[in-house]
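Asks: Quick one: this structure, given as structure tokens, is what I'll be asking you about.
The values are calculated or read from the model by the stated rules, or taken from the named source; none is laboratory data. If you're wondering where the values come from, they're calculated on a predicted model, not measured in any experiment. Here the Cβ is made from the backbone with ideal geometry for all residues, glycine too, and neighbour counts use every protein chain on show.
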Amino acid sequence: MSSAFSATAADMTISLTQEQRARTNARIERGEFVSMEEAVQQLIEERIRKRELEEIDDLAWAKPLVDEALAEVERGEFISREEHQARMDAHVASMKE
């Protein structure tokens, strides 16, 4: 079995590793895809979309969390690094008992 396939002469040829072929063939056998070509096209499209979403993510979702944390700091609702370390040391020691 060749490690490459080509949909048509106008399209490109790609090479898959033996493991990639086996994993994709298993998904075809389960009925997730009709053909190797469909599988590869869909999987590439999904990866491209995921990368595009990652590139446009401006982390706006995190702003409320950062604002909340900053407000807590302003109110004095925090502990020092040293206090945190002491608490962690005590917790680890209690687990060893």
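Asks: Can you say whether Asp67 is exposed (fewer than 11 other Cβ atoms within 10 Å of the Cβ) and out of contact with any strand residue (DSSP E or B) (no Cβ under 7 Å at 6 or more places or on another chain), as far as the supplied structure shows?
Replies: Against the criterion (exposed (fewer than 11 other Cβ atoms within 10 Å of the Cβ) and out of contact with any strand residue (DSSP E or B) (no Cβ under 7 Å at 6 or more places or on another chain)), Asp67 qualifies.
Asks: Next up: Of the residues that sit in the range 5-26 and are surrounded by fewer than 10 Cβ atoms within 10 Å (Cβ to Cβ) and of a type outside the set (S, T, N, Q), which one is modelled with the lowest pLDDT?
Replies: The residue in question is Ala9.
Asks: Ok, one more. Here is a list of conditions, (1) at pLDDT 95 or above; (2) part of a helix (DSSP H, G or I), and Lys50 meets all of them except one; can you say which number that is?
Replies: (1)
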